[in-house]
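Structure, as structure tokens:
The values are calculated or read from the model by the stated rules, or taken from the named source; none is laboratory data. Owing to the predicted nature of the structure, the values given are computational and were not obtained by experimental measurement. Here the Cβ is made from the backbone with ideal geometry for all residues, glycine too, and neighbour counts use every protein chain on show. The protein model used for the area step is the full one, side chains on, heavy atoms only, and it has no ligands, DNA or RNA in it. Shrake-Rupley method; radii C 1.70, N 1.55, O 1.52, S 1.80 Å.
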Amino acid sequence: MSGGIRWLVDQDEWHHGVVFARGIEPMELGVRMGGTPGSVASPITDTEAWNMVLDLATDDDAVVRVGAGGGWSFAVEYGMGNGGERLAEISRNGVEAIHLDPSPDHPPAMFSYARDGADVCSFGIGEEVWRWGEQPDLLLPELISAAVLHPDGEYARPEDEPYRDRDRHTLAVIESRFGLSLPRDEVVNQRLPAFLID
């Protein structure tokens, strides 16, 4: 699968946080994430972004590569991404913003959605029974329809289901609800504009 977002869980390891924004261009997304225009001289590859993170002076620095797909701008995070912390700010002035954080050091992976400067809905992927934000039940009908949750809000997936299969169901709901697309070839193999985030 080259489009959508479900391919993220099919990688050997999902390490990239991703921020999506609808209503601003990719370069503006990089700036709203704390990047300085020109902080990375030219478009870079996935490997070059990881090498930059390894060469940075502190663990607090990060790099993002930006692009667009499916009507959304996206920013792929390398290093200690802060997209989740900045999501409400990214979404100011009528923008919609989504953060997918794989949380490899502290599972589960997280979904967060903000709109017009407000945190609307968030939950752990695999822990959808616990939701928060101004509209915590925003995706509840879709989660029930996809048999992720029962109508009473309890978890509906088999207890022994492999976590990748489980996560793929929820990512499919998010992908469909918001029309998200993250072009795999572009992210993995091509050069994209980048920003240093510190």
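List of remarks:
- When W72, W7, W50 are checked against the criterion of being aromatic (F, W, Y) and free of Cβ contacts under 8 Å to residues at least 40 places away in the same chain, a single residue qualifies: W50.
- Where a residue in the stretch 93-107 is among the acidic types (D, E) and its partner, wherever it lies, is assigned to a loop (DSSP other than H, G, I, E, B) and open to solvent by less than 50 Å² (accessible area, probe 1.4 Å), with Cβ under 6 Å and at least six apart: D101/G17; D101/G84
- Residues being in contact with a strand residue (DSSP E or B) (Cβ under 7 Å, 6 or more places away or on another chain) and either surrounded by 18 or more Cβ atoms within 10 Å (Cβ to Cβ) or part of a helix (DSSP H, G or I) (or both) - total across the stretch 141-157: 3
- Candidates are the residues of the stretch 18-31 that are open to solvent by 10 Å² or more (accessible area, probe 1.4 Å) and in contact (Cβ under 8 Å) with a residue 60 or more places away in the chain; the one that is nearest to V188 (Cα to Cα) is P26.
- Any hit, the stretch 109-125, residues being more than 13 Å from the chain's Cα centre (by Cα) and of a type in the set (G, A, S): yes
- Looking only at residues in the stretch 158-197 that are surrounded by fewer than 17 Cβ atoms within 10 Å (Cβ to Cβ) and more than 30 Å from R32 (Cα to Cα), the one that is nearest to the chain's Cα centre (by Cα) is R164.
- Applying the condition of being modelled with pLDDT of 85 or more and in contact with a Pro (Cβ under 9 Å, 6 or more places away or on another chain) to the stretch 1-14 and asking which residue is nearest to P37 (Cα to Cα) yields L8.
- Selection over the stretch 55-76 of residues that are more than 23 Å from E28 (Cβ to Cβ) and either modelled with pLDDT of 95 or more or in a helix (DSSP H, G or I) (or both) gives a count of 1.
- Residue, nearest to E186 (Cα to Cα), within the stretch 35-54, restricted to residues that are touching a strand residue (DSSP E or B) at 6+ places or on another chain (Cβ under 7 Å) and either among the small types (G, A, S) or not in a loop (DSSP other than H, G, I, E, B) (or both): I44
- The set of residues from the stretch 77-102 being in a strand (DSSP E or B), surrounded by fewer than 24 Cβ atoms within 10 Å (Cβ to Cβ) and not charged (D, E, K, R) comprises just one member, G79.
- Per-region count, the stretch 164-181, residues aromatic (F, W, Y) and not in a helix (DSSP H, G or I): 0
- For the stretch 122-140, a residue qualifies if it is part of a loop (DSSP other than H, G, I, E, B) and on the phi < 0 side of the Ramachandran plot, and the qualifying residues are I125, E134, Q135, P136, D137, L138, L139.
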